[in-house]
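K.L.:
Next up is a structure, given as structure tokens.
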Amino acid sequence: MKKLETDVVVIGGGATGVGVLRDLAMRGFRAILLERADLGQGTTGRYHGLLHSGGRYVVSDPRSATECAEENDIITALHPDAVEDTGGLFVVTPEDDPAFGDDFLKGAEATGVWTEEISVEEALRREPRLNPGIKRAFAVKDKTVDGWAMLWGAVRSARKYGGKVLTYHRVDDIVVEGGKVVAVKAHGTKTGEDVMIDCQFAINAGGPWSGQIASLAGAHDVDVVPGRGIMVAMNHRLVNRVVNRCIYPADGDIIVPVHTVCIIGTTDVKVDDPDHLEIPRNEVQQMLDAGEALIPGFRDARAVHAWAGARPLVKDKRVSADDTRHMSRGMSIIDHQARDDISGLLTIAGGKLTTYRLMAKNIVDVMCDQMGEHRPCRTTEEIMPGTERGHNYTVTHRLAEREADRFDSQIICECELMNRKMFTKLLNDQPNATFDDLRRQLRLGMGPCQGGFCSMRAAGITQEIGRGDEKDITELMRLFLKNRWIGLWPILFGRQVRQTALDDWIFQGILDIEHLPTVEDEEIKSKAVR
């Protein structure tokens, strides 16, 4: 068994966990983060891309509204490469009560959320596809954010200060002796090696899995309720600003432009297991119907992918245990010393992607208090390494880059303008990554063809540069396509049926991919995307 020693172990490689790692490292603590799969593979990567202005919560959750408004500007400054300053609108559709707009304005003023009522004519000028029957419109400071780019920026910052990240390491035990956490045991699912990490503190940032993680230390009944939400990506930007319905938060009331697509979301249904999230066809249809209220003709656009994520909602005694829609989106820190007589363990849940930095600050502050350490938070002071140019993301950036290097490097993914140099560089940096891991950073296979062409090119290049034998690479491609398929079958209609049929003909008819040689089952499991 491999032995390591550190001050703090962070469990969970989503935005909150990575934010905690960065905060700890910047305060001078030695810290190691453990993630059972790839970074950002859970809730952080299964989102609609909104960097909240706070507008959504000014009536339903005022505290969250204020937190989002304050963090919006901070995140925009810290992560310029990940944030697009689109702006946003809240609109009253013909189906909605115009009087809610007055509640919206009052709530915004009370919570410090900037908003301005604009004329319907001005709203239609800004977004010509909007429902021409809208009754009122309000401008807000919503933005969009690439959660994976944000997360990897924070990782670079954490590593600069000595933070360490172990992906594909499943936590099997939190060792408690004499009522205190003394170590965390993990298993490397790719290396096959067990690791024991001696530590003074463990911070549980496992999102919807937080209850399962806390139970490893003997802290049972941590009431984190997974709330499943589905989202659907359309094949181009039907809007260039975030567009919300001006109503109490409901299903399918927001359209978010992200990169070259737009995303409509989301539903909210309590589930028992965040590892098994369905994408029901009726909920997909519900999203498409909801889109019509905001953008007439929304259904005529092409849906390219659907997915589901699980919100880590803290059980709220004010509402039914099944009513995840009306549970607070605020963050919650569980002190296991006070709750379970286990010192050296804290759990954080709830919150939003927008407030990940604030969540990290708050829980590390609590840890410092318990340890008797006075080390102030410094996470607002430095822009993320590699983003020092400082200007925010624009949707045309890859087009400009490919114009500059189009003769130097082959385009691998036309949909997302990803070239060979980008792919090989990341593969060299992360030689054990799956194609799905690379996708999260490069957007490989996220365009209309959903990997139909670029996955074959990626497989060929991987073999060409010697990153595995034919069986390994075939399995990587097979797993990549399998995961793409999960988000395709619920939306198969119209043009996407034709695209999927073409892809299937290529993979089954030409390559006969299902009958190519395979690696052993245990090897497959070690590479599988969870």
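The values are calculated or read from the model by the stated rules, or taken from the named source; none is laboratory data. This structure is a prediction, so every number in the text was calculated from the model and none was measured. Counting neighbours? That spans all protein chains shown, and the Cβs are built from the backbone with ideal geometry, glycine included. Ligands, DNA and RNA are excluded from the accessible area calculation, which covers all protein heavy atoms including side chains. Shrake-Rupley method; radii C 1.70, N 1.55, O 1.52, S 1.80 Å.
K.L.:
Taking segment 415-447 as the search range and keeping residues that are small (Gly, Ala, Ser) and open to solvent by less than 10 Å² (accessible area, probe 1.4 Å), which one is nearest to residue 152 (Cα to Cα)?
P.N.:
Among those residues, the one meeting the criterion is 445.
K.L.:
Consider only pairs whose beta carbons are under 8 Å apart and that are at least six residues apart or on different chains; among these, list those whose first residue lies in segment 265-281 and is among the small types (Gly, Ala, Ser) and whose second residue is not in a loop (DSSP other than H, G, I, E, B).
P.N.:
The qualifying pairs are 265/229; 265/230; 265/231; 265/232; 265/254; 265/256; 265/287.
K.L.:
Ok, one more. Just wondering, is there one or more residues in segment 209-230 that are farther than 25 Å from residue 273 by Cβ, hydrophobic (A, V, I, L, M, F, W, C) and open to solvent by less than 10 Å² (accessible area, probe 1.4 Å)?
P.N.:
Checked against the condition, which is being farther than 25 Å from residue 273 by Cβ, hydrophobic (A, V, I, L, M, F, W, C) and open to solvent by less than 10 Å² (accessible area, probe 1.4 Å), segment 209-230 yields no hits at all.
K.L.:
Further, regarding this structure: Taking segment 355-370 only, how many residues are open to solvent by 10 Å² or more (accessible area, probe 1.4 Å), touching a strand residue (DSSP E or B) at 6+ places or on another chain (Cβ under 7 Å) and hydrophobic (A, V, I, L, M, F, W, C)?
P.N.:
Qualifying residue count, segment 355-370: 1.
K.L.:
When residue 113 is evaluated against the numbered criteria (1) assigned to a loop (DSSP other than H, G, I, E, B); (2) modelled with pLDDT under 95; (3) buried (at least 24 other Cβ atoms within 10 Å of the Cβ), which criterion, by number, is the only one it fails?
P.N.:
(2)
K.L.:
Further question: Right, residue 27: basic (Lys, Arg) and over 27 Å from residue 374 (Cα atoms) or not?
P.N.:
no
K.L.:
Another question about this same structure. Output the residue which, of all residues in segment 261-307 that are in a strand (DSSP E or B) and over 25 Å from residue 124 (Cα atoms), is most open to solvent (accessible area, probe 1.4 Å).
P.N.:
Ranking the candidates gives 270 first.
K.L.:
Can you name the condition, by its number, that residue 123 falls short on among (1) within 21 Å of residue 291 (Cα to Cα); (2) of a type outside the set (Ser, Thr, Tyr); (3) outside any helix (DSSP H, G or I)?
P.N.:
It fails just one condition, (3).
K.L.:
Check off (1) on the phi < 0 side of the Ramachandran plot; (2) open to solvent by less than 10 Å² (accessible area, probe 1.4 Å); (3) not in a helix (DSSP H, G or I) for residue 450 and give me the number that stays unchecked.
P.N.:
The one condition residue 450 does not meet is (1).
K.L.:
Does residue 103 satisfy the criteria of being out of contact with any Ser or Thr (no Cβ under 9 Å at 6 or more places or on another chain), open to solvent by 20 Å² or more (accessible area, probe 1.4 Å) and touching a residue at least 24 places away in the same chain (Cβ under 8 Å)?
P.N.:
It is true that residue 103 is out of contact with any Ser or Thr (no Cβ under 9 Å at 6 or more places or on another chain), open to solvent by 20 Å² or more (accessible area, probe 1.4 Å) and touching a residue at least 24 places away in the same chain (Cβ under 8 Å).
K.L.:
Among the residues of segment 478-510, how many are assigned to a loop (DSSP other than H, G, I, E, B) and open to solvent by less than 60 Å² (accessible area, probe 1.4 Å)?
P.N.:
The qualifying residues number 4.
K.L.:
Identify the residue in segment 184-208 that is among the polar types (S, T, N, Q) and in contact (Cβ under 8 Å) with a residue 40 or more places away in the chain and, among all such residues, is surrounded by the most Cβ atoms within 10 Å (Cβ to Cβ).
P.N.:
Among those that are among the polar types (S, T, N, Q) and in contact (Cβ under 8 Å) with a residue 40 or more places away in the chain, it is 204.
K.L.:
Give segment 126-148 a look and list any residue that's open to solvent by 30 Å² or more (accessible area, probe 1.4 Å) and in a helix (DSSP H, G or I), or say none.
P.N.:
Answer for segment 126-148, where residues must be open to solvent by 30 Å² or more (accessible area, probe 1.4 Å) and in a helix (DSSP H, G or I): just 126.
K.L.:
Can I ask one more? Scan 228, 237 and give me the residue that is in a loop (DSSP other than H, G, I, E, B) and among the basic types (Lys, Arg).
P.N.:
237
K.L.:
Within segment 15-23, can one find any residue that is out of contact with any Gly (no Cβ under 6 Å at 6 or more places or on another chain), buried (at least 23 other Cβ atoms within 10 Å of the Cβ) and over 16 Å from residue 331 (Cβ atoms)?
P.N.:
The answer is yes; a qualifying residue exists.
K.L.:
Kindly indicate whether residue 173 is open to solvent by less than 10 Å² (accessible area, probe 1.4 Å), touching a residue at least 12 places away in the same chain (Cβ under 8 Å) and acidic (Asp, Glu).
P.N.:
Against the criterion (open to solvent by less than 10 Å² (accessible area, probe 1.4 Å), touching a residue at least 12 places away in the same chain (Cβ under 8 Å) and acidic (Asp, Glu)), residue 173 does not qualify.
K.L.:
Pull up segment 453-465, narrow it to residues that are surrounded by fewer than 22 Cβ atoms within 10 Å (Cβ to Cβ) and not aliphatic (A, V, I, L, M), then point me to the one that is nearest to residue 425 (Cα to Cα).
P.N.:
By that ranking, first place goes to 462.
K.L.:
Now for a separate question. In segment 192-213, what residues are under 20 Å from residue 7 (Cβ atoms) and either in a helix (DSSP H, G or I) or modelled with pLDDT under 95 (or both)?
P.N.:
213 - this is the single residue of segment 192-213 that is under 20 Å from residue 7 (Cβ atoms) and either in a helix (DSSP H, G or I) or modelled with pLDDT under 95 (or both).
K.L.:
Filter segment 341-354 for residues that are over 16 Å from residue 31 (Cβ atoms) and surrounded by 17 or more Cβ atoms within 10 Å (Cβ to Cβ) and give the result.
P.N.:
342, 343, 347, 349, 350, 351, 352, 353, 354
K.L.:
Tell me which of these residue 60 doesn't satisfy, since it passes every other one: (1) closer than 30 Å to residue 127 by Cβ; (2) more than 17 Å from the chain's Cα centre (by Cα); (3) modelled with pLDDT of 95 or more.
P.N.:
Of everything listed in (1) closer than 30 Å to residue 127 by Cβ; (2) more than 17 Å from the chain's Cα centre (by Cα); (3) modelled with pLDDT of 95 or more, residue 60 misses just condition (3).
K.L.:
Still on this structure, please answer the following. If we keep just the residues of segment 511-530 that are modelled with pLDDT under 75 and charged (D, E, K, R), which is least open to solvent (accessible area, probe 1.4 Å)?
P.N.:
527
K.L.:
Moving on to the next point. In segment 390-444, what count of residues is obtained for those that are part of a helix (DSSP H, G or I) and touching a residue at least 40 places away in the same chain (Cβ under 8 Å)?
P.N.:
Residues flagged as part of a helix (DSSP H, G or I) and touching a residue at least 40 places away in the same chain (Cβ under 8 Å) within segment 390-444 amount to 9.
K.L.:
Can you go through 44, 16 and tell me which one is touching a Phe, Trp or Tyr at 6+ places or on another chain (Cβ under 8 Å) and at pLDDT below 95?
P.N.:
Just a single option satisfies the conditions, and that option is 44.
K.L.:
Give the residue that is nearest to residue 140 (Cα to Cα), with candidates limited to residues of segment 76-105 that are touching a strand residue (DSSP E or B) at 6+ places or on another chain (Cβ under 6 Å) and among the aliphatic types (A, V, I, L, M).
P.N.:
This residue is 89.
K.L.:
Output the residues belonging to segment 380-414 that are hydroxyl-bearing (Ser, Thr, Tyr) and either open to solvent by less than 60 Å² (accessible area, probe 1.4 Å) or under 13 Å from residue 77 (Cβ atoms) (or both).
P.N.:
380, 387, 393, 409
K.L.:
OK, next. Hey, can you tell me all the residues within segment 68-90 that are among the β-branched types (Val, Ile, Thr) and on the phi > 0 side of the Ramachandran plot?
P.N.:
Result: no residue meets the conditions.
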